[in-house]
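Here's the structure we're looking at; comments come further down.
The values are calculated or read from the model by the stated rules, or taken from the named source; none is laboratory data. What you see is a predicted model; the values in this text were computed from it and never measured. A quick note on method: Cβ atoms are made from the backbone with ideal geometry, for glycine too, and the neighbour counts reach across all protein chains shown.
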Amino acid sequence: MVQVAIDAGPLHGARTGIGNAVAWTIEALRRTSRTDDDLELLPYVTSMRAKLGTGERRLPIPAALAHRTWARSNVPRMDRFLGRPDVVHGTNYVVPPTSAPRLVSVYDCWFLDHPDDAHPDVARAGAVLRRSIADGAQVVTSSDATTERVRELLDAPSVHTVHLGPPPHDADERRSAPALGDPDAPFILALGTVERRKNLPTLIAAFARLAEEHPAVQLRIAGRDGDDSAALAKAIEGLTPATRKRVVRHPTVTEPVKRWLLDRAVTLAYPSLDEGFGFPILEAQQAGTPVVASSAGSIPEVAGAGALLSLPLDDAALAANLFWAISSDAKREELITRGHANAERFSWDRTAERLTDLYRRLATENET
């Protein structure tokens, strides 16, 4: 049996995309380990304030102090606090110093490419990441595109791609969602935190072009405010009054609300400037919603043949693809069919199997 200390910190606090990825990964690892009985997870948390869950261990050092310390040195080692595992997996860009083989998850490289936009906490995590790789930690990413960027930006010799699975959902979520306006009014959906990486001002420019051809269609932007909220507000303010009224914000998105929006959208617009994976793409494809997206980062890899793609900053091409997805019944049916088939390529069980194989390999290499 391989014992793996795994960072459960992203499960605490407000749930983010990374938090979901870690939660679903741990669930899949536990599910498969019950079947194979060859993996034991030792979850740990680097936080003095988090309320620990069942079986979780606390590293006795505040996260901010830990990151400042680990960015400079590979001490103090955390072996005894982690349970002396065979492998340590840092699931959120940071892995603590330890004598065991270390694996660290990197989801995207946006903050490395744009350090001026990085929050100080994120910048510190990046410094720990660089130090860990220099000290021999291996990297796991969720896409080949991110793997290549990690190799380029961090000069990392050992990087592994393990695709994530599609977001799970419960059929009851559809029934419990409140009605959000006229269910028969057609709308384009943008889903995600309003941050620079999501490139929403370009979507607004594309919608301005599309609105002239489709006078009834709305644009619904669902996601909490972020570092691009002011730019989004400015872009919306630049629309004509009639078009501006057709842009609807949903800053609070519960799972039932998200399901309601995905099930009823005429298309998902995802013009991101960079993505490490892109859960909304697979969610839309599972729901039978056509996807129109950019060709940045991992999006072509994850969306497969089930999306119309254009260059991230080309609002004219984005508008044309949106028009095609909305106006052509044949194209819509093609995207829906291809989307369903594409989503089937991804599975949390396969994610868990590949991670377990990677853990075994690291543990075995350490023994030799």
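Overview of results
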read-out: Every residue from the stretch 1-50 that is in a loop (DSSP other than H, G, I, E, B) and under 30 Å from PRO280 (Cβ atoms); value: ALA8, HIS12, GLY13, ALA14, ARG15, THR16, THR46, SER47, ALA50
read-out: Residue in the stretch 265-275 that is assigned to a helix (DSSP H, G or I) and within 18 Å of the chain's Cα centre (by Cα) present; value: no
read-out: Qualifying residue in the stretch 280-299 (condition: assigned to a strand (DSSP E or B), within 19 Å of the chain's Cα centre (by Cα), small (Gly, Ala, Ser) and crowded, with 21+ Cβ neighbours inside 10 Å); value: yes
read-out: Out of THR32, THR91, sole residue that is assigned by TED's automatic domain parsing to the domain that holds SER143, touching a residue at least 24 places away in the same chain (Cβ under 8 Å), polar (S, T, N, Q) and out of contact with any Leu (no Cβ under 8 Å at 6 or more places or on another chain); value: THR91
read-out: One residue from ASP7, ASP38, ASP86 being in contact with a Gly (Cβ under 6 Å, 6 or more places away or on another chain) and closer than 24 Å to THR141 by Cα; value: ASP7
read-out: Condition broken by ARG361, with the remaining ones in (1) without any contact (Cβ under 8 Å) to a residue 12 or more places away in the chain; (2) part of a strand (DSSP E or B) satisfied; value: (2)
read-out: Residue in the stretch 88-107 that is aromatic (Phe, Trp, Tyr) and either farther than 30 Å from ALA303 by Cα or in contact with a Lys or Arg (Cβ under 8 Å, 6 or more places away or on another chain) (or both) present; value: no
read-out: Flag for PHE111 being buried (at least 17 other Cβ atoms within 10 Å of the Cβ), assigned to a helix (DSSP H, G or I), touching a residue at least 12 places away in the same chain (Cβ under 8 Å) and more than 26 Å from the chain's Cα centre (by Cα); value: no
read-out: Options ALA185, ALA242; residue that is in a helix (DSSP H, G or I) and assigned by TED's automatic domain parsing to the domain that holds VAL291; value: ALA242
